[in-house]
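Input: a single structure, listed below in structure tokens.
Every number in this text was worked out from the coordinates using simple rules, so none of it is lab data. Keep in mind that this is a model prediction, so the values were computed, not measured. In this analysis, Cβ positions are derived from the backbone assuming ideal geometry, glycine residues included, and neighbour counts consider all displayed protein chains.
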Amino acid sequence: MASEVLDNKAMAGGEAAPASQVIELPHTVKDLGIRKSLVQNIALKILYLQGELLLVHLAEQMRVSLSVVTEIFELLRKEQLLEVKGMVGGVQRVTTTTLGNTRAHELLNLSHYAGPVPYRSTTIRDRFEPRASAT
């Protein structure tokens, strides 16, 4: 599988980021290094606030890879919090269920945050440039 990257151009609609600022996106929820429930809660709140979204658009808003969003979607669907409303170009269009709306409303009462998933990203430069050693 080719690695997914965030180049900020698609997110901001502006100039492409310099190669040193391109961020490699984690491929699994475990790779994010944060609690799975936090990622699920953010996804649920975004969908509640936005209504129907393609999974790829949810991934863009959460600033994570499509594979991470797909993993979260499957978990939320098993809990009957999300449902598929259709397909567009082979990508699911999803929305919250009545149970999902109730849960999202509860979550929003605790925290209004519904944006990018907070995780430590690794830039391409971080991976290939040697770190300065402490002396």
Task: Output for the stretch 56-71, where each listed residue is crowded, with 21+ Cβ neighbours inside 10 Å and more than 13 Å from Ile42 (Cβ to Cβ) - done: Ser65
- [ ] Scan the stretch 39-68 for residues that are over 17 Å from Glu24 (Cα atoms) and either outside any helix (DSSP H, G or I) or among the hydroxyl-bearing types (Ser, Thr, Tyr) (or both) and jot them down.
- [x] Tyr48, Gly51, Glu52, Leu53, Leu54
Task: Number of the condition not met by Leu110 [criteria: (1) more than 19 Å from the chain's Cα centre (by Cα); (2) farther than 18 Å from Arg35 by Cα; (3) of a type in the set (A, V, I, L, M)] - done: (2)
